[in-house]
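The values are calculated or read from the model by the stated rules, or taken from the named source; none is laboratory data. Note that the coordinates shown come from a computational prediction; the quantities given were computed from them, not determined experimentally. With ideal geometry, Cβ positions are generated from the backbone for all residues, glycine too; neighbour counts draw on all protein chains shown.
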Amino acid sequence: MHLDTPSPLNQALTVVARLSRRDFMAFAGAAVGVAAGGAASVAQAQAPALKSINAAEAAIFRRVAEVVLPVGGSALTPWTPEVLLGTLDAALLGTMPPHVLAGLKGGLQYFNEGPVAQHGKRFTALDDATATAFLDAWGNAKEVPHRALASGLKKLVQLSYWANPASWAPLEYDGPISQRNGLKSLGNAPLPTR
Amino acid sequence: MKKHAIKVEKQGLKVTQAADVRDSQLHLKADAVVVGSGAGGAIAAYELAKAGKKVVVLEAGPYITSDKFPEMLAVAMGTLYQDHGGQTNSAGDISVLQGACVGGSTVVNAALCFRTPDYYLKLWAKEFGLTNLTPAVMTPIFEKVERNLHIKTVGPQETSPGALLIGQGMDKLGYPQGKARRNIKDCAMTGFCFSGCTTDRKQSMLVTYLPWAVAHGAVIHSDTRVTEVLSKAGKAVGVKGEIIDPATGRKKADIQVDAPIVVMAAGPIQTPLLLLKSDLANSSGQVGKNFACHPSMSVTAEFPHEVRDFHGATHSLYMDQNTLPDKGGYILLNAIQEPVEASFQAEPGTGKPYVAYMSGYKNTIRLISLIHDQNVGQVSWKDGQKDISYFVDDQDFEAMKKGLIATAKILFASGAKRLYLPTTHISSIDRVEDVDTVIGGLKNEPARYKYTSFHPQGTCRMGRDPKKTVVNPHGETHDVKNLYVVDASLLPTSIGYNPSETVYALAHYVCDQMIKTRA
């Protein structure tokens, strides 16, 4: 990709161009798991230091979360940036292979610069309605990377929120039941007799 | 001579973990080394150990005892699944899920079992020369694994609120209700199959073939990633690997196992990667090619009343009237869905519509459409990283659309008031009259849909022609003697049904051949 004019968008595109298409795209689907103890332990933590993303990247994720999860006024459990970003960082981003995390970081910059051409502002500076419309528009974009980014970033913050058992109570979902119901292990099966 | 009594431990498994290793170099000798401890590897370990072989099993994943299974999918993904649940195709739009722990995918699957349809056995005989895998040969093997793994049809109580609703919809539309057959004993109906069965009701390899293999003397090493298959003069002679501390990700020791039999059972992604890295068994150029994965999509249905599809049998109901390729090429499966899964399967719209959608979680259920797909993908190394290059074929996407249309009509007939499609753009359907138009208008585009695959397969396919296949009809690679494959890599074509019982049966068949050859 050749870009003549230095600008934040062009710089972001240059970063993205350096990444292979595979790295750039793979992060979108690479966010399913929450590593052991991630949700539960991070939920207890007080403003844990973020290890996988810097402050600027955290600010983009925070703004995405504000737009994707506007739970105020609903029955859903309120969230705090510290806990949500802590879960995201420790349990999702922290387990990504380095090349996938690098793809995410490039994509995150690209996404944040996305609204500049049309709205003259980065995503983090958009008002709620414009940011919401922007995410929906990219989810239905012709450009494959736009769809992948909108879908992938939303998925990351959604998982970070719903992996926390504190988010389940308003849904009346009761979570793990075997221990609560005193279910016993059947143990190993006996050897086959024939 | 007095026979030594074979005793199976009542609980747990003797496994050498990274934490148990004290030396920086391990050099073991065995009659057979098995790479992977899932469906194929565990069966091979048991059959070979029972035949008197000294067996070493090397598993890349950790050993997690069932009492540690979390009953939380998000946490289970992090501990029990390949790449912490993050494994995808190169486009990032298909989540390719595999177990990565002692017991492999059998620990985290939904225990659904189907015999390989005769249609495919005949197809494989005709197109791949597998005239040895006749229904007459395979039937007794299916019967054996069904006995060993307690594979039974669900009882009337083994269902879920969602399955009951879907069954009503099927009845109204005249679709046959398929009752699931599962390798589960006395199901506790928690609905947590995908997180591992914490009370050992699921008859996974963790509580069946692996403890049986250990009872016969097999040794299992977890946290041990094989890095090279060794060969000499056209024969397999062992493997090299690394023992990785799962807590730090750092190498703890190097390991080499010398063995005149090497059994590959690392799964249809890792097995070809390892063969490619070892530069073995690939004179056909087919290693890693012909990847298929049974892409699936979940449609979420919202009802005007509470359903509370929180617990029950994870899968209990299916519809396979249209599963064979000439009938449509799709199968429908019900499945319980916990909030984490529900949170990203639908696209109701960013912000308030999403909050409203999730607030109605207790009123929702899902029905899965899974397709028989063409073997159009490839697993390979790119820039030192694994690459799963796979895009849903246009013809297969048409099968998916047929499956989604049937899914949607069944869900409306079940009483749903709104359906959400698994797309990246906002998509819902409020009236059955709109189903054909909305789903019929979907186009096959990358990163447009939220696919999940639980069934990667086909990357070291079996067949008679060494120019077109990797493994011969008896499971040994064409190129390297004593190098066998017993995982889902073997499947010459995708089979449209959950392939676990096919893998169990093929592993038994290959082991029978191996043992007969050496008798």
* To do: Among the numbered conditions (1) in contact (Cβ under 8 Å) with a residue 24 or more places away in the chain; (2) within 30 Å of B:D20 (Cβ to Cβ), tell me where B:R201 comes up short.
  => (1)
* To do: Could you pull out the residue among B:N444, B:N482 that is in the same structural domain as B:I426 (by TED's automatic domain parsing) and touching a residue at least 40 places away in the same chain (Cβ under 8 Å)?
  => B:N444
* **Residue that is surrounded by fewer than 21 Cβ atoms within 10 Å (Cβ to Cβ), of a type in the set (D, E, K, R) and touching a residue at least 24 places away in the same chain (Cβ under 8 Å), where the choices are B:D309, B:D326, B:D245** => B:D245
* Structure fact -> Considering segment A:135-167, residues that are at the interface with another protein chain (Cβ under 8 Å from one of its Cβ atoms) and without any contact (Cβ under 8 Å) to a residue 60 or more places away in the chain, and then whichever is nearest to B:R308 (Cα to Cα), we arrive at A:W162
* Looking at (1) crowded, with 23+ Cβ neighbours inside 10 Å; (2) within 14 Å of chain A (Cβ to nearest Cβ); (3) not hydroxyl-bearing (S, T, Y), find the lone condition where B:I331 falls short. => (2)
* Structure fact -> Only one of (1) in a helix (DSSP H, G or I); (2) more than 14 Å from every other protein chain (Cβ to nearest Cβ); (3) in contact (Cβ under 8 Å) with a residue 60 or more places away in the chain does not apply to B:I439, and that is (3)
* Quick one: which strands (runs of 3 or more DSSP E) sit completely within segment B:209-286 and have at least 1 residues that are under 30 Å from B:T469 (Cβ atoms)? -> B:224-232, B:235-244, B:251-258, B:261-264
* Structure fact -> Expected single match for of a type outside the set (A, V, I, L, M), within 14 Å of another protein chain (Cβ to nearest Cβ) and under 24 Å from B:V486 (Cβ atoms) among B:T208, B:T190 is B:T208
* When you go through (1) more than 14 Å from chain A (Cβ to nearest Cβ); (2) more than 23 Å from B:C460 (Cβ to Cβ); (3) touching a Phe, Trp or Tyr at 6+ places or on another chain (Cβ under 7 Å) one by one for B:V8, which number turns out not to apply? -> (1)
* Tell me which of these A:P145 doesn't satisfy, since it passes every other one: (1) at pLDDT 95 or above; (2) outside any loop (DSSP other than H, G, I, E, B); (3) surrounded by fewer than 24 Cβ atoms within 10 Å (Cβ to Cβ). => (1)
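Could you please let me know if B:K401 is assigned by TED's automatic domain parsing to the domain that holds B:N322, of a type outside the set (F, W, Y) and in contact (Cβ under 8 Å) with a residue 12 or more places away in the chain?
For B:K401, the condition - assigned by TED's automatic domain parsing to the domain that holds B:N322, of a type outside the set (F, W, Y) and in contact (Cβ under 8 Å) with a residue 12 or more places away in the chain - is met.
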* Where in segment B:337-413 are there strands (runs of 3 or more DSSP E), lying wholly inside it, with at least 1 residues that are modelled with pLDDT of 95 or more, of a type in the set (A, V, I, L, M, F, W, C) and more than 26 Å from A:A163 (Cβ to Cβ)? -> B:364-371, B:377-382
* To do: Kindly indicate whether any position in segment B:68-86 is within 7 Å of chain A (Cβ to nearest Cβ), hydroxyl-bearing (S, T, Y), part of a strand (DSSP E or B) and crowded, with 24+ Cβ neighbours inside 10 Å.
  => yes
* Condition check for B:L506: outside any helix (DSSP H, G or I), of a type in the set (A, V, I, L, M) and at pLDDT 95 or above -> no
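Conditions (1) more than 23 Å from B:M462 (Cα to Cα); (2) in contact with a Leu (Cβ under 9 Å, 6 or more places away or on another chain); (3) away from every other protein chain (no Cβ under 14 Å), marked per residue:
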residue	(1), (2), (3)
B:E127	no, no, yes
B:N132	no, no, yes
B:H150	yes, no, no
B:T153	yes, no, yes
B:L164	yes, yes, yes
* **Boolean, B:V299 is of a type in the set (A, V, I, L, M), under 25 Å from A:E172 (Cα atoms) and within 14 Å of chain A (Cβ to nearest Cβ)** => no
* **Number of positions in segment B:211-223 that are within 18 Å of B:I261 (Cβ to Cβ) and more than 14 Å from chain A (Cβ to nearest Cβ)** => 2
* Count of residues meeting criterion [surrounded by 24 or more Cβ atoms within 10 Å (Cβ to Cβ) and within 14 Å of another protein chain (Cβ to nearest Cβ)] in segment B:11-44 -> 2
* Asked: So which of B:Q378, B:Q345, B:Q321 is of a type in the set (S, T, N, Q), closer than 28 Å to B:V154 by Cα and touching a strand residue (DSSP E or B) at 6+ places or on another chain (Cβ under 7 Å)?
  -> B:Q345
* For segment B:168-196, how many residues meet the condition of being farther than 22 Å from B:T502 by Cα and either among the hydrophobic types (A, V, I, L, M, F, W, C) or free of Cβ contacts under 8 Å to residues at least 12 places away in the same chain (or both)? -> 8
* Asked: Can you name the number of the only condition in (1) in contact with a Lys or Arg (Cβ under 8 Å, 6 or more places away or on another chain); (2) away from every other protein chain (no Cβ under 14 Å); (3) basic (K, R) that B:K251 fails?
  -> (1)
